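Working notes for the structure below.
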């Protein structure tokens, strides 16, 4: 049967990388001049999951500002993550390696926000602008984040510095407001309006954008003054999409994802990779690949029970449900205005039973034609396992090799 007829193969991914992210961070920070006065405080954002070199990059920014005589501190900028508690968010930073001793500066974690007013945006209505109180009280703010494709929204600016400014620093209350406001195709318009509004009311020095390669290593680091962030982020998003690996098939009947989690993607697995950015259960708008069924095998330890995104899969192993922290998962899904992401897929004890169920939903194709792929997660796509039905396509693909 299909379980015994599988093979392992490798896919070439872009391995452009920076050998010393700390040194490059220092170089980028020293490339620009900053309008600051010794003794002032500067809040540095922290909180995006899964950034490979987040600690040396953060240390590079901290050390640069200390050299200028400033008093840097980290502030979690992650919306409602960490169970929407100050301690939970500080614990998440520690899981990323960002502790006070490692970063060399204090961490001020709070869920309290200030309401800076209401902003009217066409089609989105009046948006209450919530902003992290601790960051607001600092003399300056500096953004630090990875720039990449968003899992649900498409446009010239997606996931990066401005999203962190708006949603991350909006904390739980603001994140809920903003996710409702950006429903549909309003993301890019809302984020630019909110960013302009915030920049007129806070002292935003600038930001540091990170782009990762196909292996998840740091490929690009670039510092920007505040007014340069929108154009710079748009440019780095294009570079990120060039470096992002994908699944080397146009159609898959059943995709097994061995692990999902918040350290992999906001939706547990990257919807851009599996072709479900605009619909949880099918490809639309010409997306590739077309994946008919997805099955989840486990949660990552780093996600700490948050299974947000599991509802985008049709199947999962029964053991996955025992790993889920349902209150945390539901809170994340509601805050993100993506309730379906927390819904239950059909669960079975074994992969063989999942294959049998998926096979039936697809009209019972002949086993030799059943197209099945196993990936570790959507960040690591250099090695995959496939059913024999995919061998010929792998052999014809110049970017793939069979050991």
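None of the figures in this text is laboratory data; all of them are computed from the coordinates on show. Quick caveat, the model's predicted, so the values are computed rather than measured. For neighbour counting, all protein chains shown are included, and Cβ atoms are generated from backbone atoms with ideal geometry for every residue, glycine included.
Tabulated values for the structure
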{"quantity": "Share antiparallel - DSSP beta bridges, the chain, percent rounded to 5", "calculated": "45 percent"}
{"quantity": "Burial ordering of 294, 107, 210, fewest other beta-carbon atoms within 10 Å first", "calculated": "107, 294, 210"}
{"quantity": "The chain - mean residue ellipticity at 222 nm from DSSP helices (-39,500 (n - 2.57) per run, n ≥ 4, rounded to 500)", "calculated": "-8500 deg cm²/dmol"}
{"quantity": "Relative intensity, log₁₀ I(q)/I(0), of the range 208-326 from a Debye sum that treats every alpha carbon as a point, q = 0.09, 0.14 Å⁻¹", "calculated": "-0.30, -0.69"}
{"quantity": "The range 1-130: C-alpha gyration tensor shape, a/c 1.5 cut-off, then a/b vs b/c", "calculated": "oblate"}
{"quantity": "Packing-based ranking, highest mean first, of 372-378, 134-140 given that Cβ atoms within 10 Å are counted", "calculated": "372-378, 134-140"}
{"quantity": "Rounded if a/c under 1.5, otherwise prolate or oblate - the range 85-144, Cα gyration tensor axes", "calculated": "prolate"}
{"quantity": "The range 246-401 - Debye-derived log10 I(q)/I(0), Cα point model, q = 0.12, 0.15, 0.19 Å⁻¹", "calculated": "-0.48, -0.75, -1.19"}
{"quantity": "Relative counts (whole %) of C-alpha pair distances in the range 48-100, using bins that are 5 Å wide", "calculated": "4, 19, 27, 22, 16, 9, 2, 0"}
{"quantity": "Normalised contact order of the chain, rounded percent, pairs of Cα under 8 Å and 6 or more residues apart", "calculated": "19 percent"}
{"quantity": "Alpha-carbon centroid distance for the pair the range 223-249 / the range 287-317, whole angstrom", "calculated": "26 Å"}
{"quantity": "Percent of Cα-Cα distances greater than 14 Å, calculated over the range 154-210", "calculated": "54 percent"}
{"quantity": "Peptide ranges 301-308, 355-362, 41-48, 110-117 listed from the most packed, as the mean C-beta count within 10 angstrom indicates", "calculated": "41-48, 301-308, 355-362, 110-117"}
{"quantity": "Residue exposure sequence - 149, 387 - by fewest surrounding Cβ within 10 Å", "calculated": "149, 387"}
{"quantity": "C-alpha long axis of helix 171-181 to longest principal axis of the chain, angle in °", "calculated": "60 degrees"}
{"quantity": "Helix 21-31 axis, angle to the chain major axis (alpha carbon atoms, nearest 10°)", "calculated": "40 degrees"}
{"quantity": "Per principal axis, descending, Cα span of the chain in whole Å", "calculated": "71, 42, 38"}
{"quantity": "For the range 21-243, Kirkwood radius (reciprocal of mean inverse C-alpha pair distance, Å)", "calculated": "17.2 Å"}
